[in-house]
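All remarks here apply to the structure that follows.
The values are calculated or read from the model by the stated rules, or taken from the named source; none is laboratory data. Treat the numbers as computed from the prediction; the structure is a model and nothing was measured. Every residue, glycine among them, receives a Cβ derived from its backbone with ideal geometry; neighbour counts consider all protein chains shown. SASA here: full protein model, heavy atoms, side chains in, ligands and nucleic acids out. Shrake-Rupley method; radii C 1.70, N 1.55, O 1.52, S 1.80 Å.
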Amino acid sequence: QVELVESGGGLVQPGGSLRLSCTASGSIIELDTMTWYRQAPGQQYEEVASITADGSPHYADSVKGRFTISRDNNKNTMYLQMNSLKPEDTAVYYCNAFIATAYVKTVSDYWGPGTQVTVSS
């Protein structure tokens, strides 16, 4: 069984910063691309940023230059450093990861429960 858990969300003023974390746990034998998605109220899911197993990042245009994605493969953890936050960044942020386990050796994607980020004065 695999579990993804996000943390680091909260309330921040415009222009502020937050750092999100996502940790994968379980009988993991392979941890591939990890991705942050977000969903604002009444909106569809939006891919925010992704990072491959070897650390290559990709960003949505809306967050380029403000957000930085990284990962620590030794800790099975992905991070999202969010700077210069705007009210339009308000959303529930979800972690997604492609993982193979000791029991399900084919790579499947897993989701965390999400963490709320609210940018407001």
*Out of the stretch 49-81, which residues are β-branched (Val, Ile, Thr) and over 19 Å from GLY9 (Cα atoms)?*
ILE51, THR52
*Qualifying position, being among the aliphatic types (A, V, I, L, M) and farther than 22 Å from VAL5 by Cβ, among ALA40, ALA60, ALA49*: ALA60
*Do you know which residues across the stretch 77-91 are under 10 Å from the mean Cα position of the chain (by Cα) and either aromatic (Phe, Trp, Tyr) or at positive phi (or both)?*
TYR79
*Working only within the stretch 82-91, note down all residues that are of a type outside the set (Ser, Thr, Tyr) and open to solvent by 10 Å² or more (accessible area, probe 1.4 Å).*
ASN83, LYS86, PRO87, GLU88
*Which residues, counting only those in the stretch 25-47, are among the hydrophobic types (A, V, I, L, M, F, W, C) and touching an Asp or Glu at 6+ places or on another chain (Cβ under 9 Å)?*
TRP36, ALA40
*Here is a list of conditions, (1) assigned to a strand (DSSP E or B); (2) of a type outside the set (S, T, N, Q); (3) open to solvent by 40 Å² or more (accessible area, probe 1.4 Å), and GLY65 meets all of them except one; can you say which number that is?*
(1)
*asked:* So, in the stretch 92-112, how many residues would count as being more than 11 Å from the chain's Cα centre (by Cα) and open to solvent by 70 Å² or more (accessible area, probe 1.4 Å)?
replied: 5
*Condition test on TYR79, is it open to solvent by 50 Å² or more (accessible area, probe 1.4 Å), touching a Cys at 6+ places or on another chain (Cβ under 9 Å) and either of a type outside the set (S, T, N, Q) or assigned to a strand (DSSP E or B) (or both)?*
no
*Return the total of residues in the stretch 87-121 being more than 26 Å from GLN43 (Cα to Cα) and either of a type in the set (Lys, Arg) or part of a strand (DSSP E or B) (or both).*
4
